[in-house]
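Below: the structure, in C-alpha cells.
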Amino acid sequence: MRFCIVGAGFSGAIIARHLSEKGHKVLLLDERSHIAGNCHTERDDKTGVMVHRYGPHIFHTADERAWSYIQRFGKFRPYINRVKAISQGRIYTLPVNLLTINQFFGTVMSPVEARAFIEKKADKSIKDPKNFEEQALSMIGPALYKAFFYGYTRKQWGLEPTELPASILKRLPLRFNYDDNYFNHPYQGMPEDGYSAIVENILKSENIEIRLNTKFEDVSEEFQHIFYTGPIDRYFSFDLGRLGYRTLDFERIDGDGDYQGAAVINYCDQEVPFTRISEHKHFAPWEADSLQKTVAFREYSRLAEPKDVPYYPIRLANEKTMLESYITRARNTAGVSFLGRLGTYRYLDMDVTISEALKACDQIDQLLAANAPLPAFFVDPS
C-alpha cells in the first residue's frame, strides 16, 4: 500500500514512520523548505545559537509513552522553563507563586498566610466562571489579574478576556510555594540537537519519500489513503469560509553576551506592543556560556491573514459553527484522515500531538488488519 501524508511536523512524521515500519510506502509532503513544522530549529548563522524559528517550544509531558518515544530519536537534556514577567515597571516570576505574591503585595507571607490572603482577594461570588476574566477573578482577584493577565491576554488574542473561554487560564498553575517551574509535568527537557534533528531521525526510512516545497494541491497521484495535517478548511478549498487563527511576527534583536538573562520574559502591560521577548541561547543552558553572541526575538500577535503562518486557533462562536460544518464534510469524505493542530483546529502542545499520533497508529493497525476504512478523525475535534 502507498499512503500520502501532508505535513512534516510531529503528527505527520510519526504516522509516516509507523506506516513505513509496517512495510508500507509513504509519500510525505510539506510546502515549506524544511521538516518539523512550527517546531523547526536550526543553528543561527550569525550567533551559532540553536534558534526556534517559529517561537519557543519546550517539551513537557505526563505521558510516559510520548516521553519514551521521542527519546528514541535524540538526546534530551534537562530543562526547566522559568518565565519572568514585567508589569508596571517591575519584574516578577511566573507562574504566580509565593514569591510573586510577596513581591507584588510587598509582604513576607508564609504559604498558609498567602493562601488565606488570596482567598480574600478572589471573587468567590463567581461559582461557575463563564470566561477568561471570570476565571481569573475567581482564582486570584482583580489586582493580580490586571497586573499579569489582562494586558497580555488582550495583546495575545486581540480580544477582551470576557470574550475568551475560561479554559485558557485553567491550565496555568497558581502556587503557594516558591516553585517557579512553569509546568507541572514530570517529564521535561530540550533536545540537545534541536527538534528538527529529532524529526529527521523519525523520518529515516527507505519506505518514506520526502518532498519539500510541494503543495498537496499540486500532487495528482492516487493513494490508498491520505493523512492530512494541514488546515482542515484548506483541504476543502475554504468553501465554507476561513477558520480564524492568531499569528506571530518576530522582531530580531542581536547582541553580545547575555541580552536579558532569561529564556522568556513576558511584557504584561497593554501599552507595550509586544507580548514577550525570547532569548534562544537560554533554551540550551548547557552551551549558552560558550556562545559569545546572542539573539532574541520580540513577539507580536495579530489576526492571521491568508498567507500568514497559522499559530493559535481562535475557536470563538463563529469559528466553532464553521468548524462543525467542516467536520461534517470531513466525515462524509472517504479516503482522508485529519490529524494534528491544524487538521483538527485545536490548540495542542507537542506532547499531546505526539500522544494523539501514537494512539492513531494503534487504531490504524487495527483497522488495516480488519480491512476496515480509516476514520476522518482519530480524536473528536469538536
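The values are calculated or read from the model by the stated rules, or taken from the named source; none is laboratory data. On a predicted model such as this, the values are computed, not experimentally measured, just so you know. Note: ideal-geometry Cβ built from the backbone for every residue, glycine included; neighbour counts use all protein chains shown. Side chains included, ligands, DNA and RNA excluded: accessible areas come from the protein's heavy atoms. Shrake-Rupley method; radii C 1.70, N 1.55, O 1.52, S 1.80 Å.
The table below gives the values:
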{"quantity": "Test for T153: is it polar (S, T, N, Q), touching a residue at least 24 places away in the same chain (Cβ under 8 Å), under 29 Å from S301 (Cα atoms) and part of a helix (DSSP H, G or I)", "calculated": "no"}
{"quantity": "Residue among I35, I80 that alone is outside any strand (DSSP E or B) and closer than 30 Å to E206 by Cβ", "calculated": "I35"}
{"quantity": "The lone exception for S290 - which of (1) within 30 Å of K84 (Cβ to Cβ); (2) polar (S, T, N, Q); (3) touching a residue at least 24 places away in the same chain (Cβ under 8 Å) it fails", "calculated": "(3)"}
{"quantity": "Pairs with Cβ under 7 Å, 6+ apart, first in the range 219-231 and in a loop (DSSP other than H, G, I, E, B), second polar (S, T, N, Q)", "calculated": "T229/S11"}
{"quantity": "Residues of the range 285-299 satisfying the condition of being over 25 Å from P78 (Cβ atoms) and either more than 17 Å from the chain's Cα centre (by Cα) or in a loop (DSSP other than H, G, I, E, B) (or both)", "calculated": "R298"}
{"quantity": "From the options P78, P95, residue that is under 25 Å from H280 (Cβ atoms) and within 19 Å of the chain's Cα centre (by Cα)", "calculated": "P95"}
{"quantity": "Cβ pairs under 8 Å, 6+ apart, first in the range 313-331 and in contact (Cβ under 8 Å) with a residue 40 or more places away in the chain, second of a type in the set (D, E) and assigned to a helix (DSSP H, G or I)", "calculated": "P313/E319; L316/E163; M322/D233; Y326/D233"}
{"quantity": "Selection within the range 232-275 - under 23 Å from R315 (Cα atoms), outside any loop (DSSP other than H, G, I, E, B) and open to solvent by 10 Å² or more (accessible area, probe 1.4 Å)", "calculated": "R234, Y235, Y245, R246, L248, D249"}
{"quantity": "Filter pass, R302 being under 20 Å from the mean Cα position of the chain (by Cα) and either surrounded by 14 or more Cβ atoms within 10 Å (Cβ to Cβ) or at positive phi (or both)", "calculated": "no"}
{"quantity": "Extreme residue, nearest to L172 (Cα to Cα), among residues of the range 88-106 that are open to solvent by less than 40 Å² (accessible area, probe 1.4 Å) and in a loop (DSSP other than H, G, I, E, B)", "calculated": "P95"}
{"quantity": "Some residue of the range 46-64 being open to solvent by less than 10 Å² (accessible area, probe 1.4 Å), on the phi > 0 side of the Ramachandran plot and not in a strand (DSSP E or B)", "calculated": "yes"}
{"quantity": "Within the range 1-22, tally of residues that are outside any helix (DSSP H, G or I) and touching a Gly at 6+ places or on another chain (Cβ under 9 Å)", "calculated": "6"}
{"quantity": "Residues located in the range 22-45, provided they are more than 14 Å from Y195 (Cβ to Cβ), in contact (Cβ under 8 Å) with a residue 40 or more places away in the chain, of a type in the set (D, E) and open to solvent by 60 Å² or more (accessible area, probe 1.4 Å)", "calculated": "E31"}
{"quantity": "When residues of the range 119-160 are limited to those that are among the hydrophobic types (A, V, I, L, M, F, W, C) and under 17 Å from Y92 (Cα atoms), the one surrounded by the most Cβ atoms within 10 Å (Cβ to Cβ)", "calculated": "F149"}
